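The values are calculated or read from the model by the stated rules, or taken from the named source; none is laboratory data. Small disclaimer: the values here were computed from a predicted structure and weren't measured. Cβ placement follows ideal geometry from the backbone for every residue including glycine, while neighbour counts extend to all protein chains displayed.
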Amino acid sequence: MSRHVSKIGDPSPLKRLDEPQISKKIRLEIEVDENMSDNSPDRNRRANFSNVNGVNRNLNIHSVKPTTKKLIIKNFKSEPKLPDDYNETTWKKLSSAVIAIQQSKPNEYLLEELYQAVGNMCSHKMASELYKNLFELIDAHVRSNIEKFKTETMDRLLFLKKMNDTWQSHCNQMIMIRGIFLCLDRTYVLQNPNISSIWDMGLDLFRKYFMLHTLVQTRVVEGLLMLIEQERQGDKVDRILLKSLLRMLTDLQIYNKAFEQKFLQSTERLYAAEGQRLMQELEVPEFLAHVDKRIHEENERVLHYLDSSTKYQLIHTVEKQLLSEHINNILQKGLDNLLEENRLHDLSLLYQLFSRVKNGLQELCHAFNAFIKKQGRTIVIDPEKDKTMVQELLDFKDAMDNIVASCFKKNEMFSNSLKEAFEHFINQRTNKPAELIAKFVDSKLRAGNKEATEEELERLLDKIMVLFRFIHGKDVFEAFYKKDLAKRLLVGKSASVDAEKSMLSKLKQECGGGFTSKLEGMFKDMELSKDINVAFKQHLNINTPELMPLDMTVNILTMGYWPTYLPMDVTLPAQMVKFQDIFKEFYLSKHNGRKLQWQPTLGHCVLKARFKAGQKELVVSLFQTLVILLFNESDEHGFEYIKAATNIEDGELRRTLQSLACGKARVLNKIPKGREIEDNDKFKFNNDFVNKLFRIKINQIQMKETTEEQKATEERVFQDRQYQIDAAIVRIMKMRKTLSHNLLISELLGQLKFPVKPSDLKKRIESLIDRDYMERDKDNSNQYNYVA
Amino acid sequence: MKLTIKNWTGVATWRWVANDDNCGICRMPFDGCCPDCKLPGDDCPLVWGQCSHCFHMHCIVKWLQSQPVNQQCPMCRQGWKFNNK
């Protein structure tokens, strides 16, 4: 409809716009204009006007139906005119309305009327003038408004409130004014791109005067900063006021320039000072909690009144001043305590905070690593603590694992670092940890260890394997483990075959079949021995039924598998010698080309002993047996006699006598009494022996093993290592043919799985050169050639 | 008799009765096994020739198989005959 108006031979001279979207409005405005203006008496115009359409339509109809009545349209006789003073009078009305609005007074004109007046002015090419007038009006108002503040010397808070009121009313007024001058916005402003809309004009003016009066501006900004600082110190402040004023700054587009920078600076100052101070005053956990609280607060602040664009910088500033600056301090001062006391909650917080700042986690990881190394070293290095070392290591590992899992979010960097640190410190003390781990396993696998169920034992073994994995000198472990395993197997003290086998399979998995082949061989020997003993019993029954029965079992060991035992010659009672000989004959008849060596150190017996109080069974070693059996002849023997009769090595004999006469279960009485065995001591069979148990195990007193036996084991390990070094050297040289000394050493260090000194390697190389496996290069003494 | 032995668990170690420490063919110790075996003992026995020389059974058999004529002891070049003591 309206489209027609504008397009088809529009009779109205007022028609100026071609835009179809607004043409309807234009018509409306025109109508309004017509009605309002008193100088257009012609009331028909309205009808005429609408007839424009009619005409057009009629023309069309006419061509179809010529019989219809004709309606003739004529142009206006004269163009409608506005009165000459229209501009002034209308503006007067409008300006009075605007001023009324600005002063919050009731308006004497209807808003509708004002709106139409603006429309009329716009359509009569008075828009630019109207805009200018309006601009001046607003300009004056804003200026006076803001200048008011220049002289104000009131309290800051009041000042801010007033400022806020001014701003709020400015906004309200501008909304109102814009409503009235909507046509201006929609026509004039739209057509002139370099003119800003009424709302923007209002903002521009506000900004202009706000910026102009720096005093006002700084007072506002400082007031805001003061409020924020008060809030930071824990006071309650008017957040709505803050929010509103900050919105004002944002709307005026001076948030960044006027406020944000200063705000960030003051934040930085505040937290720099606070960080320094609290770092001194507070313990680390409290400090962390404080930092966390601060970050939380600042986030809240952003949420509640700051512009969201500030968030990144603000939080960054806080993190920088409270965390980044103090990373080292925090770690040095507090981390060790937290870790030692296992304060999971604080550690989680620490991790969480440090993950916020650059390098935080690296530093934390570094310190964590250092802590483990330090702490671990104290566990490992002190010989006083050897007894509890493995248990402590296990506990320590558990605790650290737990921390990584629950506080450090299983961060891989940390778990790797954990492993690295353990590996580092556990190898700080050569050989001893390996030895102690082996002994620990022994104590757990020993019979009579009833503290753990099978699953618990299994879990424990798994944990031990983790420690074992860290150890470089695994051969040391193997040597000691083998020694202990031998004892367990030979004395029948192993808690459970399943557990032994499971441990074996774990070792095999970890280090390969080569590592465990000897251990497996030991198990195999035990099984073979069982078969042999069954066969031997049958043999006895058939061939020598007349012999006095002696229940004899023999464990036959293959030399290579077992630890080497020093053969020791002792004098056995005739009966035992007889049995030994029968067995030997029997065995050699089955196995051609072998020789058998008895190992009296490892034998043990169960004795039946009759005391006054009744019969008891004594579980004793072979040496103890030999000594006790002497007392069948006579109740009392001197040391020298016993020594001559049994032929047991002196030190061994003294220990044996000590175990029988000075231990818990005293089947012999020593005369005179005392702990040490002297050459002139006499021993008497203790007929009055009492014990509530029927079967009594008399423990052997361990040789002060630590020194001698340990040295022997270590020596053996060292021997084995030499072979390994030789093999590795030959392997490398065979592949490379020629190699310089340094390269050879570095390759060797890469291949060898145990710690080794370069000087030892040098010795092995010399030895190989002597044996013609390789030679020094004739021209270059630092280079070796492989000799095929 | 106040004291009698109820049972006795003795321990003995065995080794080969050989006139040398190492096998003359593979140079491995007799306490160990030949290079093809993993476990010493019954799986990898020793054998003696009438010349009194002794080898891992696997080693000497391999050697003899590689000598179609004139089967000799690799040590003393006498004709090889197993000595079944």
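Just a few scattered comments:
- Any hit, region A:298-308, residues being among the aromatic types (F, W, Y) and not in a helix (DSSP H, G or I): yes
- Boolean, A:D525 is within 12 Å of another protein chain (Cβ to nearest Cβ) and either part of a helix (DSSP H, G or I) or surrounded by fewer than 21 Cβ atoms within 10 Å (Cβ to Cβ) (or both): yes
- Given (1) of a type outside the set (D, E, K, R); (2) under 40 Å from the mean Cα position of the chain (by Cα); (3) within 14 Å of another protein chain (Cβ to nearest Cβ); (4) buried (at least 16 other Cβ atoms within 10 Å of the Cβ), number of the condition A:G513 does not satisfy: (4)
- Matching option when the condition is among the basic types (K, R) and surrounded by 14 or more Cβ atoms within 10 Å (Cβ to Cβ), among A:R301, A:R277: A:R301
- Top-ranked residue of region A:562-590 - restricted to ones that are at the interface with chain B (Cβ under 8 Å from one of its Cβ atoms) and among the aromatic types (F, W, Y), ranked as farthest from B:W14 (Cα to Cα): A:F579
- Single match in A:G593, A:G603 (criterion: out of contact with any helix residue (DSSP H, G or I) (no Cβ under 8 Å at 6 or more places or on another chain) and at the interface with another protein chain (Cβ under 8 Å from one of its Cβ atoms)): A:G593
- Scanning region A:547-561 for residues that are surrounded by fewer than 16 Cβ atoms within 10 Å (Cβ to Cβ) and at the interface with chain B (Cβ under 7 Å from one of its Cβ atoms) turns up just one, A:D551.
- Taking region A:146-163 as the range and being of a type outside the set (K, R) and either in contact with a Phe, Trp or Tyr (Cβ under 6 Å, 6 or more places away or on another chain) or without any contact (Cβ under 8 Å) to a residue 60 or more places away in the chain (or both) as the test, the residues that pass are A:I146, A:T151, A:E152, A:T153, A:M154, A:D155, A:L158.
- Test set (1) more than 12 Å from chain B (Cβ to nearest Cβ); (2) surrounded by 15 or more Cβ atoms within 10 Å (Cβ to Cβ) - A:I542 fails condition number: (2)
- The lone criterion from (1) within 24 Å of A:E520 (Cβ to Cβ); (2) among the aromatic types (F, W, Y); (3) surrounded by fewer than 20 Cβ atoms within 10 Å (Cβ to Cβ) left unmet by B:F30 is number (3).
- Residue list for region A:141-160, restricted to those being under 18 Å from A:D200 (Cβ atoms) and over 60 Å from the mean Cα position of the chain (by Cα): A:H141
- For region A:351-369, a residue qualifies if it is within 20 Å of A:Q321 (Cβ to Cβ), under 10 Å from the mean Cα position of the chain (by Cα) and hydrophobic (A, V, I, L, M, F, W, C), and the qualifying residues are A:L361, A:L364.
- In region A:745-788, the residues that are more than 30 Å from A:K432 (Cβ to Cβ) and either hydrophobic (A, V, I, L, M, F, W, C) or assigned to a helix (DSSP H, G or I) (or both): A:L768, A:I769, A:D770, A:M774, A:V787, A:A788
- Of all residues in region A:482-510 being in a helix (DSSP H, G or I) and of a type in the set (S, T, Y), the one that is farthest from the other protein chains (Cβ to nearest Cβ): A:S502
- Residue within region A:647-656 that is part of a loop (DSSP other than H, G, I, E, B), touching a residue at least 24 places away in the same chain (Cβ under 8 Å) and among the polar types (S, T, N, Q) present: yes
- Only residues that are over 29 Å from A:S309 (Cα atoms), part of a helix (DSSP H, G or I) and either of a type in the set (D, E) or modelled with pLDDT of 90 or more (or both) were counted in region A:260-290, giving 2.
- Set side by side, the residues A:R143, A:R156 differ, and just one is of a type in the set (D, E, K, R) and touching a Lys or Arg at 6+ places or on another chain (Cβ under 8 Å), which is A:R156.
- Residue tally, condition surrounded by fewer than 20 Cβ atoms within 10 Å (Cβ to Cβ) and more than 40 Å from the chain's Cα centre (by Cα), over region A:222-231: 1
- Qualifying residue in region A:568-584 (condition: among the hydroxyl-bearing types (S, T, Y) and closer than 20 Å to A:K483 by Cβ): no
- Residue match in region A:638-659 (condition: surrounded by fewer than 21 Cβ atoms within 10 Å (Cβ to Cβ), within 8 Å of chain B (Cβ to nearest Cβ) and out of contact with any helix residue (DSSP H, G or I) (no Cβ under 6 Å at 6 or more places or on another chain)): no
- Of all residues in region A:743-769, those satisfying the criterion of being touching a residue at least 12 places away in the same chain (Cβ under 8 Å) and among the acidic types (D, E) are A:E747, A:D760.
- Scanning region A:610-624 for residues that are facing another protein chain (nearest Cβ under 7 Å) and free of Cβ contacts under 8 Å to residues at least 60 places away in the same chain yields one hit, A:R610.
- Scanning region A:102-118 for residues that are of a type outside the set (D, E) and under 29 Å from A:R143 (Cβ atoms) gives A:Q102, A:Q103, A:S104, A:K105, A:P106, A:N107, A:Y109, A:L111, A:L114, A:Y115, A:A117, A:V118.
- If you go through region A:657-699 and keep only what is under 16 Å from A:L618 (Cα atoms), of a type in the set (D, E, K, R) and either free of Cβ contacts under 8 Å to residues at least 40 places away in the same chain or not in a loop (DSSP other than H, G, I, E, B) (or both), you end up with A:K664, A:R666, A:K692, A:R695, A:K697.
- Checked against (1) part of a helix (DSSP H, G or I); (2) facing another protein chain (nearest Cβ under 10 Å), A:N632 passes all but condition (1).
- Test set (1) buried (at least 16 other Cβ atoms within 10 Å of the Cβ); (2) modelled with pLDDT under 85; (3) within 26 Å of A:Q217 (Cα to Cα); (4) among the polar types (S, T, N, Q) - A:N164 fails condition number: (2)
- Flag if A:F623 is in contact with a Pro (Cβ under 9 Å, 6 or more places away or on another chain) and either modelled with pLDDT under 90 or within 16 Å of B:T9 (Cβ to Cβ) (or both): yes
- The single condition among (1) closer than 22 Å to A:S144 by Cβ; (2) surrounded by fewer than 19 Cβ atoms within 10 Å (Cβ to Cβ) that A:K262 does not satisfy is (1).
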